Every structure is written in C-alpha cells, then in structure tokens.
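Asks: Before we start, here is the structure in question, set down as structure tokens.
The values are calculated or read from the model by the stated rules, or taken from the named source; none is laboratory data. Just so it is clear, the model here is predicted, and its values are computed rather than measured. All Cβ positions, glycine included, derive from the backbone under ideal geometry; neighbour counts span all protein chains shown. Surface areas here come from the heavy atoms of the whole protein model, side chains and all, with no ligands, DNA or RNA. Shrake-Rupley method; radii C 1.70, N 1.55, O 1.52, S 1.80 Å.
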Amino acid sequence: MDTSTHFVMGIGLAGLAYVDPVVATDPMLAAAVMVGTIAGSQAPDIDTALRFKSNSLYIRNHRGLSHSLPFLLLWVLLITGVIGLIFSGVSLGHVALWTAVAVGVHVFTDLFNTYGTQAARPFTERWIAWNIIHIFDPFLFTTHVIAILLWAFDLIAPAPLFTTLYILIGIYYVWRTIARALVVRKVRRMDNSPEPAKYIVIPTISWSRWHVVKTNTDGSYELGKIDGSELTWSLHATSSTHAAVVASRKAPEVSAFLYFTSYAVAEVEELPAGYKVRWADVRYRHRKQYPFVAVVVMDRNFKTIDTYVGWLSDEKMDKKLLSARP
C-alpha cells in the first residue's frame, strides 16, 4: 500500500488495541501502543531511504529484506525497545503485541498489490505480488479516515468502531480476491487464445476495470484491459534482439530492474553516435507510456555513457538523458 494508507492503518490499529482491557484502562499504555502501531506500520518501508544513494539500489531492495520474515521480528524488537526507553513503566508485552500486529499488517497488505514483496525471505527471493488491491485503494483510505474522525470527536468508542471497521475490511479483501479470480477466468474465456498463454490481471482504482497482460509462448506480451464485460487489447509488446540490448544487461541499473520484474521488454533507439536502450515493465503501462523503466545510453562500441532506472515520464526521462547523448 502507499505511505498514507499505511499511516492511517497505524492509527486504526491503535484504536483496535482498545479491545485489550489493559490498553483501554491505561492512557499511558494506550499512547505507547499508538506510537508502536504507527511506527510498525511504517518501519518496513524504511528502505525507501536507499533512493538517496542510488535508484538501482532502491529498486533492487525496496520491499525486499525489510519485509522479510527475520525483519518482522527485528522491527518489533527495535520499536518496542525504543518505546520502553520513552514510556517507562508501561507493559512492553502489550506494546510488542500491537507493534507486531502493525508490522504484520503492513507486510501482508503489501502482498495484495502489483509491486509485491519478498516476504518469504530467507526461504526464497521470489517477489510475491497477488495483484488484488490497487496500491492506493480509496475504500481502505477513506474508511480509515472516517473511523479516525469518529474516534477523534468521541462520537463512537474505539473498540467497537475499529472492530467493525476491520471486520468490514476483512470482508472487502475476501470479495476483491474472489472478484480477481472471476476476472481471470473471464479473460481466459473471452480471449479464447488458440495457443497456451499466461494471463495476469492488475487492479486499478476502479473496481470494475482491470489491466490485462497476456504472456505469449514466444515471450511477447499483449496488453489490454477488461472493463465490466468488455475485453480490449491495445498493444503487442516484444523485446528487440539488437546487440545493444544484450550489452545493456551489464549495467547495474538494468540488472536491478530485471531482478525486480519478469515482465520486461527492451527497445533500441539509434542515436547519431550510439544507442539508447530502454527496458520497460509492461505491467505498469499508463496513458500510452511506460513509467517504470531502465535506460542505458551507449556509444557505437556499447560503452555506457549514462543510465537511469526508476519511475519517470518519457518527457522527463528524455530531458534527463539529453545532455548525455553522444
């Protein structure tokens, strides 16, 4: 999920903690628990700071080790330890419990979007992405904000309020999981492909609209969308076999990009004295552009001149690399 949704979930879990009688009857402990749930709901994304060192390091590691099983425990221990220094005398067992809930909810909800996490490390480095909930879900964010306001103005007690909210959210997640499974089945039936193909459907903010990526047996992709009962294909995407594509794989930025995604295509643009190779993740095509890319500018001898990896519009990317063109 996005940072704002994780934040309101942290507050929401602090409200849910009032089902614990010890928390409900101790204002100091309740305050400590709120610090723990808010910190726990943000801690796994601390690896965002890696982008200040390099985009390639960030792409390779974001939602990786920080979301892994060992780090679930590490975050709880670190946050609880700091809270113990600030709030002396509170029951750290209760703080640890609700902090663990917040960290677990963060990682678990991240599994439902397209970006995914490496939550199963150290057993596997596979990226787990269930493609069920959009990275920003208006329903999740809005219901949390409404519940927080009702609590803040003392209109409804936190225990029944947030218990109801999370039961509702649990039902919502089940419904979206079933809805996605039905959409995948519908796409397969409507496409009626004559050859074996793999389909993934990707959620959008709209509940009735899904992006569709079809992987063909030759490694190419068909990109489209399903809106209600209408399936439309808009683009055929395939990778160039140019020698510059092979050479570009040596760049750390491309290596990081391909470590993250299995849905990449590469295209080559010839420049006056070299090449520009652009790798794109077809899952994120938006408004006829690929915003998530890895780009390598090289000379005719395939020597790297400049690189970029990350989220960027075509216009901004071209401006960034313009001065580097040979």
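Asks: Given 0.36 nm per residue, what is the gain on full extension from Ser220 to Ile156 after removing their alpha carbon distance, in nm?
Replies: Roughly 17.6 nm would be gained on extension.
Asks: Under a 10 Å cutoff between Cα atoms, tell me which one of Ser91, Ser193, Ser68 has the largest fluctuation in the Gaussian network model of the chain.
Replies: Ser193
Asks: Which FRET efficiency, nearest 0.05, do Ser239 and Leu73 yield, Cβ-Cβ r, R0 41 Å?
Replies: 0.50
Asks: Counting alpha carbon pairs within less than 8 Å and at least 6 residues apart, what relative contact order, in whole percent, applies to region 1-115?
Replies: 35 percent
Asks: Sticking with the crude label model, points 7 Å out along Cα→Cβ, report the distance from Phe7 to Tyr259 in nm, one decimal please.
Replies: Those two pseudo-labels are separated by 3.0 nm.
Asks: Given a 1.4 angstrom probe, I'd like the percentage of the accessible area of region 125-270 that is carbon and sulfur, rounded to a whole number.
Replies: That share works out to 61 percent.
Asks: Right, another one. Most mobile of Gly224, Gly81, Gly36 per a Gaussian network model of the chain (Cα springs, under 10 Å)?
Replies: Gly81
Asks: Just to be sure I understand, if you calculate Rg/Rh (Cα atoms, Kirkwood Rh) for this structure, which of [x] 0.98; [y] 1.09; [z] 1.04 do you get?
Replies: Entry [z].
Asks: Here's something else I'd like to know. With every protein chain left in place, what is the accessible area per residue of the chain in square angstrom, probe 1.4 Å?
Replies: 48 Å²
Asks: How much net charge surrounds Thr215 when only other residues with a Cβ under 15 Å from its Cβ are counted (Lys, Arg +1; Asp, Glu -1)?
Replies: Within the 15 Å Cβ shell, the charges total 0.
Asks: Pulled fully out, how much extra length does the chain show between His286 and Ile135, if you take 0.36 nm times their separation in residues and subtract their Cα-Cα distance?
Replies: 52.9 nm
Asks: Please compute the modelled spin-label separation between Ile205 and Thr25, points set 7 Å along Cα→Cβ, answer in nm with one decimal.
Replies: Result: 4.6 nm between the two label points.
Asks: Can you give the local net charge around Val245? Use residues other than it whose beta-carbon is closer than 12 angstrom to its beta-carbon, Lys and Arg +1, Asp and Glu -1.
Replies: +2
Asks: Separate question: Counting helices only, and only those DSSP H runs with n ≥ 4, report the 222 nm mean residue ellipticity of the chain as the sum of -39,500 (n - 2.57) divided by its residues, in deg cm²/dmol to the nearest 500.
Replies: -15000 deg cm²/dmol
Asks: Something else now. Counting only other residues whose beta carbon sits under 14 Å from that of Thr3, what net charge do I get with K and R as +1, D and E as -1?
Replies: My count for the surroundings of Thr3 gives -3.
Asks: How many lysine pairs are close in region 217-305, with Cα atoms under 29 Å apart and the two 8 or more places apart or on different chains?
Replies: For region 217-305, qualifying lysine pairs total 6.
Asks: Counting alpha carbon pairs within less than 8 Å and at least 6 residues apart, what relative contact order, in whole percent, applies to the chain?
Replies: After rounding, I find 13 percent.
Asks: What residue among Lys225, Lys214, Lys303 shows peak mean-square fluctuation when the chain is described by a Gaussian network model with Cα springs under 10 Å?
Replies: Highest fluctuation of the listed residues: Lys303.
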